Structures are given as C-alpha cells and as structure tokens.
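A short write-up of the structure that comes next.
The values are calculated or read from the model by the stated rules, or taken from the named source; none is laboratory data. These figures come from a predicted structure and were not determined experimentally. We place every Cβ from the backbone using ideal geometry, glycine too, and count neighbours over all the protein chains shown. Only protein heavy atoms, including side chains, enter the accessible area calculation; ligands, DNA and RNA are left aside. Shrake-Rupley method; radii C 1.70, N 1.55, O 1.52, S 1.80 Å.
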Amino acid sequence: MSNTPLRTSTDQGTNPQLRIVSALAALTICFVGCSSSDSPVGGAAGSPGSDASTCSAPSTQCGAECVDTRVDPKNCGACGTACTDGQVCSTGKCGVTCLGGTKLCGTVCIETSVDPKNCGACGTACATGQVCSAGQCGVTCLGGSTLCTDKCVDTKNDVANCGACGNACPAGQVCSAGQCGVTCLGGSTLCTDKCVDTKNDVGNCGACGNACPAGQVCSAGQCGVTCLGGSTLCTDKCVDTKNDAGNCGACGNACPAGQVCSAGQCGVTCLGGSTLCTDKCVDTKNDGANCGACGNACPAGEVCSNSVCALQCSGGATKCGNACADTKNDASNCGACGNACPAGQVCSNSVCALQCSGGTTKCGNACADTKNDASNCGACGNACPAGQVCSNSACALQCSGGATKCGNLCVDTKSDETNCGACGVVCPSGQVCSNSTCALQCTGGTVKCGSTCTNTAYDPANCGACGVSCGNNMCHNGVCTALPGCFKTTDVLQAGLTKAQYTRCESVSNGGFTCTNPIITYGTVTNGIPAQHSGNNFTTWCQQLGCNGFVSVQYGNRSYAAPNGKLFGCTGYDEPGWKWCDWQDGFWYNQTLDYHIAPDGTAITSITCN
C-alpha cells in the first residue's frame with residue numbers, strides 16, 4: 001500500500017499553512033481511530049523512530065508500517081533491505097526462487113496451504129465464509145489446525161495464537177508446544193522468531209536458515225528430491241502418514257474437524273497404544289512435547305526417554321539430536337544417528353534394506369513385530385482399539401504367553417530393559433535386563449548384543465553371534481536355515497502349470513507360511529497384484545507353492561499403477577489350469593499388464609497357508 005501523505009484537496013498543495021494544519025489533523029484522527037486492521041500489512045502503524053513497536057508477531061515495524069520481513073521484497077530479512085529487480089523475498093532472503101515450500105504468486109512468495117487468496121494454487125481464492133486449510137477451501141480447518149479469525153493456524157507454534165486463538169506472545173518470546181516462553185520446548189529449535197522441527201522444515205533444514213532450493217524437500221534434516229527415513233512426500237513436504245491429520249494414510253486425505261489420525265486412519269480415538277494430546281495421537285514415551293503426559297514439554301537440551309525428561313536416553317535408546325532413537329529400527333537413524341534410509345528402504349537390525357529381517361514384517365515403511373505391535377497386530381495395518389494390547393498377534397484386554405501388560409504393551413519383563421522385572425523399571429545407560437535384573441552382563445546362557453540379552457542359538461537377528469542376521473530364514477542351534485513354509489521373498493514356481501507362473505512376497509513371517517503383499521510373475525512379466533474375486537482358489541494356490549492348504553487372507557490398498565496391474569484368479573485364457581490372470585482381458589503371459597486403477601481396498605495384502 002502507498003505511503004503517500006494524506007491530503008484533503010488539491011488546493012492544499014499551494015497553501016503551506018493549510019497543508020500543515022490538515023496534516024496535523026490527519027495524524028490526530030489516525031492516532032485516535034486507526035486500529036491494527038487499518039495497517040497496510042496487518043499490524044498497527046507506528047511513528048517513524050518510535051522506540052516501542054506496535055506490530056503483532058510475526059510482523060516487524062519498519063518505519064510507519066508493519067511488514068513481514070520473511071516475504072517483503074522491500075524489507076527482506078530486515079527493514080530497508082530491498083531485493084533487486086527480478087528477485088523475490090523468501091524466508092527472509094533475496095533470491096530468484098521461493099524457498100521453504102512457498103510458491104511465487106505474482107511478486108510474493110505465498111504459503112498456498114493456508115492462504116485464502118491463493119489456496120492450493122496461485123489465484124485460487126476461497127469463497128466468502130470459507131477458509132484455506134491443507135491447500136483446500138472449506139468451512140472448517142483440517143489436519144489438526146485451528147480457525148483463528150479467518151485463518152487456519154497451528155496453535156502449537158503460532159506466536160499470534162499460542163495455545164489458543166488471540167493469545168499473542170509478548171515481545172521477545174516464542175510459542176513452543178502451545179506455550180509462550182523464551183526458549184523452545186519439546187525438542188524444537190528456535191530459528192529467528194519461531195520454534196521449528198529442523199528435521200522436516202524446508203526453510204530451516206538441518207539448521208536455522210538452511211532453506212531447501214525450489215523443487216527439493218527437507219527430510220531427516222537433509223535437503224533432497226526424495227523423502228528419507230520412511231516418510232512420504234505429500235505435495236512439497238515429507239510427512240508421517242501414520243499420524244499426519246492432513247495426510248492420513250495417504251497424501252491429501254485430511255481428517256475432518258474433530259477427528260485425529262492414528263495408525264493411518266481418521267477417527268475420534270487414538271489406536272495402537274498412542275495417546276490423544278489436543279489434536280494429535282502421540283507416543284508419550286518419547287514425545288518431547290508430551291513426555292509422560294499431554295502438555296508436559298521437555299526443557300531445551302533435554303529429551304523424552306521412557307516418559308521422563310532427561311539429559312540422556314535410557315532403556316537402550318540412543319540420543320540423536322533432540323530425541324531418543326532405537327537405531328536398530330529407526331529409518332531416520334539406522335545404525336547410527338543421522339543415517340537415514342533411502343526411499344523404499346526400511347531399517348532392520350541397524351541396516352537399511354529392502355526387506356525386514358529377524359522375524360519382523362515390512363509394514364509400509366517400517367519393520368514391525370506383528371506378534372506385539374499394537375499398530376500392526378497379526379497383520380500390517382490392523383491397529384488395536386484404545387485400551388487393548390497386541391498379544392501373540394491378537395488384540396486383547398490382557399497379555400498372554402507369560403507376557404506382562406505394561407501401559408499399552410505386552411512385554412517380557414525378564415529381558416525388556418524398559419520394564420525390567422516390573423513395569424516402568426528402566427535399566428540405566430550401558431546396562432541390560434537379564435533374568436528380570438538390570439546388570440552389566442547377561443546371565444542364564446544369554447549373550448549381550450547391543451543393549452539386549454539374547455539367546456544366539458535361536459535369535460534370527462543374532463544367529464550364532466551378535467549381528468548375524470538370518471534375513472527371512474530361521475535360526476536353529478546358531479545356524480541360519482531355510483524356512484519350512486512355502487513362501488519366500490524370491491520367486492517360487494507355482495507347480496502344475498504348463499507356462500511358468502511365480503509368486504514372491506514383499507516379506508515373509510510365521511515360519512514361511514504367511515506372505516505379505518504377494519507379487520505374481522507370468523513368463524517374463526512381473527508386478528501382478530492379486531485381488532479379491534469369486535474365481536480365486538486359495539487352496540490350489542497354496543498347494544501349487546508347496547503348502548498343504550489355505551488358512552486366511554486379508555485385503556487392503558496396494559498400487560495398481562504401471563508397471564503394476566490388477567489380477568484375478570481364473571482357469572482358461574493363456575492355459576487351462578488355475579492361475580492369476582489379467583483383470584482387463586485375462587491374457588498376460590509375456591504381455592504387459594493392462595488394468596491400472598486407483599487403490600480400491602481389494603488387493604491381497606496377506607495370505608497364510610499351512
């Protein structure tokens with residue numbers, strides 16, 4: 001907006017005395033009647049040279065105006081720092097492209113996820129009465145954000161609406177975990193005037209001020225073109241679709257107002273043993289903003305370890321930056337802090353790999369023990385309801401098989417270093433839990449591998465010696481041996497057909513009798529995805545692969561996008577025996593798959609034979 005002085009008429013330009021009187025009158029009127037809404041850039045106008053700023057965060061007083069120095073090309077980063085022609089101001093820096101996930105709309109870098117005039121894309125204005133949330137126009141805020149006046153904000157770190165709408169933090173303070181203060185809480189980092197998570201903030205990636213170039217994202221504190229550590233790229237940000245209310249289960253699937261995202265599903269309660277804190281499902285055992293209980297944020301420099309704020313991690317976890325990580329299965333810190341696994345890989349026994357080892361199952365982008373994982377109980381995606389635990393692959397109110405219910409987990413208190421001998425007894429750093437006692441050494445014929453006492457005669461992750469993984473095979477008497485079941489992660493020939501058809505599994509569990517995400521190859525063409533159909537003969541399929549019979553099958557979402565294709569069970573077409581056929585026309589031996597649709601929930605995600 002123009003800074004031209006006010007005039008009452010063109011005659012004032014030739015009458016100096018009248019001009020002075022009119023100017024004084026205009027100033028008097030403004031001091032008495034102007035509100036913050038009359039300010040050109042969203043804050044109250046202050047007099048040049050004034051000692052006290054009247055601007056509301058995140059605006060800065062530059063002369064008589066309140067401006068956002070993060071995007072103002074005339075005051076970029078600081079008052080009076082103007083960008084040259086052809087440059088834009090983004091994250092407080094002059095340059096030729098917009099940074100930090102913003103988009104160039106006209107001459108200004110805009111955050112299109114929340115801007116009602118440029119919602120989702122430049123020039124897409126929301127209708128009167130609507131707000132912009134998660135890049136979509138609507139009547140309510142999505143993804144856990146809160147409607148304050150006419151904008152959807154995150155009250156956990158918004159200095160103008162900290163913890164609640166209109167609760168502006170005083171000058172010199174920041175908003176962290178919904179609380180105003182002089183330092184950032186819960187493991188976040190203070191960058192300029194905002195507490196951010198440098199692991200995924202494109203404007204402050206890995207460190208304050210390190211903005212990712214256009215076209216890149218911030219993942220595990222590194223700028224790049226793909227997401228690391230098991231996160232998923234949604235538009236221009238790497239997110240965890242298991243608990244991101246704006247991208248729940250899949251990109252763009254925003255949970256409705258009043259619902260949360262838990263285990264990749266929108267609902268009114270948290271699943272898989274997580275706890276609802278305000279508008280998000282969290283694990284209070286290691287969440288720095290909700291440590292042990294909702295709202296209990298750890299002070300700067302401390303981490304949340306086993307529900308307690310401390311300077312060090314306990315229970316065998318490793319302190320990586322401002323969080324405690326299990327480097328055996330943390331895809332962002334695999335084997336060592338900062339070692340993030342590439343896209344498509346998981347962290348299994350401290351090694352980035354395409355498949356899970358040690359008897360675990362690949363569920364999405366992580367390795368899970370489906371015997372006791374409340375988010376993947378018995379099978380991937382099967383989350384236990386609130387108040388239940390996962391015990392021996394089944395959701396229940398109590399634990400079985402000699403395990404003890406500690407909080408929302410079934411544990412073996414004889415060897416669990418976070419519940420050693422009894423729930424909540426955490427072994428100090430450097431000690432292990434052996435026969436229900438914290439000690440420096442293991443007893444009872446077990447061996448100390450990392451922070452755990454294990455029997456190397458039968459542990460597939462430490463077979464015969466620490467660190468010797470059997471992959472998808474079993475460990476017997478300290479030697480890795482082939483699984484007795486019929487499924488493998490490599491192609492297995494389906495017997496009885498004249499043309500070679502094969503089945504392989506994304507991962508194998510249950511001694512080789514359970515196959516997760518089966519993939520079919522016919523001749524030279526692979527990536528067939530079997531789906532639910534009346535022509536499916538699971539008993540025949542199991543027997544073709546060498547098992548005795550069929551036990552159970554589960555369905556869910558899988559991609560049919562090329563080169564994948566949807567299949568159904570049939571006889572005929574390429575040959576008379578039962579097999580998997582192309583959904584489009586039946587034929588696909590040595591031919592490209594034809595049927596490509598969006599995931600429909602009918603793909604086979606798991607089959608168990610005996």
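Below is a table of values for the structure above.
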{"read-out": "Pick from segment 251-282, criterion assigned to a strand (DSSP E or B) and of a type in the set (S, T, N, Q), ranking: nearest to the chain's Cα centre (by Cα)", "value": "262"}
{"read-out": "Positions within segment 564-574 being farther than 8 Å from residue 528 by Cα and in contact with a Phe, Trp or Tyr (Cβ under 8 Å, 6 or more places away or on another chain), in sequence order", "value": "568, 569, 570, 571, 573, 574"}
{"read-out": "Those residues of segment 520-537 which are surrounded by fewer than 20 Cβ atoms within 10 Å (Cβ to Cβ), under 28 Å from residue 470 (Cβ atoms) and touching a strand residue (DSSP E or B) at 6+ places or on another chain (Cβ under 6 Å), in sequence order", "value": "521"}
{"read-out": "Condition check for residue 307: touching a Gly at 6+ places or on another chain (Cβ under 7 Å) and closer than 30 Å to residue 431 by Cα", "value": "yes"}
{"read-out": "Selection count where residues are open to solvent by 50 Å² or more (accessible area, probe 1.4 Å) and more than 15 Å from residue 520 (Cα to Cα), scope segment 562-599", "value": "9"}
{"read-out": "Unmet requirement for residue 418, which otherwise passes all of (1) in contact (Cβ under 8 Å) with a residue 24 or more places away in the chain; (2) open to solvent by less than 50 Å² (accessible area, probe 1.4 Å); (3) in contact with a Cys (Cβ under 7 Å, 6 or more places away or on another chain)", "value": "(3)"}
{"read-out": "Conditions (1) under 30 Å from the mean Cα position of the chain (by Cα); (2) at pLDDT 85 or above: number failed by residue 91", "value": "(2)"}
{"read-out": "Of residues in segment 558-582 being assigned to a loop (DSSP other than H, G, I, E, B) and closer than 21 Å to residue 487 by Cα, the one nearest to the chain's Cα centre (by Cα)", "value": "558"}
{"read-out": "Where a residue in segment 72-85 is closer than 17 Å to residue 106 by Cβ and its partner, wherever it lies, is open to solvent by 60 Å² or more (accessible area, probe 1.4 Å) and not in a loop (DSSP other than H, G, I, E, B), with Cβ under 7 Å and at least six apart", "value": "76/93"}
{"read-out": "Test: residue 441 is crowded, with 18+ Cβ neighbours inside 10 Å and free of Cβ contacts under 8 Å to residues at least 24 places away in the same chain", "value": "no"}
{"read-out": "Qualifying positions in segment 419-445 - within 17 Å of residue 318 (Cα to Cα), modelled with pLDDT under 80 and either among the polar types (S, T, N, Q) or not in a loop (DSSP other than H, G, I, E, B) (or both)", "value": "429, 431, 432"}
{"read-out": "Any hit, segment 319-334, residues being over 18 Å from residue 198 (Cβ atoms), open to solvent by less than 30 Å² (accessible area, probe 1.4 Å) and under 19 Å from the mean Cα position of the chain (by Cα)", "value": "yes"}
{"read-out": "Strands (runs of 3 or more DSSP E) enclosed by segment 120-236 - at least 3 residues per element that are crowded, with 18+ Cβ neighbours inside 10 Å", "value": "131-133, 151-153, 174-176, 194-196, 217-219"}
{"read-out": "Scan of segment 72-119 for residues that are assigned to a strand (DSSP E or B) and either in contact with a strand residue (DSSP E or B) (Cβ under 9 Å, 6 or more places away or on another chain) or among the hydrophobic types (A, V, I, L, M, F, W, C) (or both), ordered by number", "value": "88, 89, 90, 94, 95, 103, 104, 105, 108, 109, 110"}
{"read-out": "Segment 86-97, residues that are open to solvent by 60 Å² or more (accessible area, probe 1.4 Å) and under 13 Å from residue 107 (Cα atoms)", "value": "86, 87, 96, 97"}
{"read-out": "The listed residue being modelled with pLDDT under 80 and either of a type in the set (Ser, Thr, Tyr) or over 20 Å from the mean Cα position of the chain (by Cα) (or both), out of 133, 145", "value": "145"}
{"read-out": "Top-ranked residue of segment 283-309 - restricted to ones that are aliphatic (A, V, I, L, M) and crowded, with 16+ Cβ neighbours inside 10 Å, ranked as nearest to residue 270 (Cα to Cα)", "value": "289"}
{"read-out": "Residues located in segment 570-602, provided they are modelled with pLDDT of 95 or more and within 22 Å of residue 380 (Cβ to Cβ)", "value": "580"}
{"read-out": "Odd one out for residue 605, checked against (1) assigned to a loop (DSSP other than H, G, I, E, B); (2) polar (S, T, N, Q); (3) closer than 28 Å to residue 376 by Cα", "value": "(1)"}
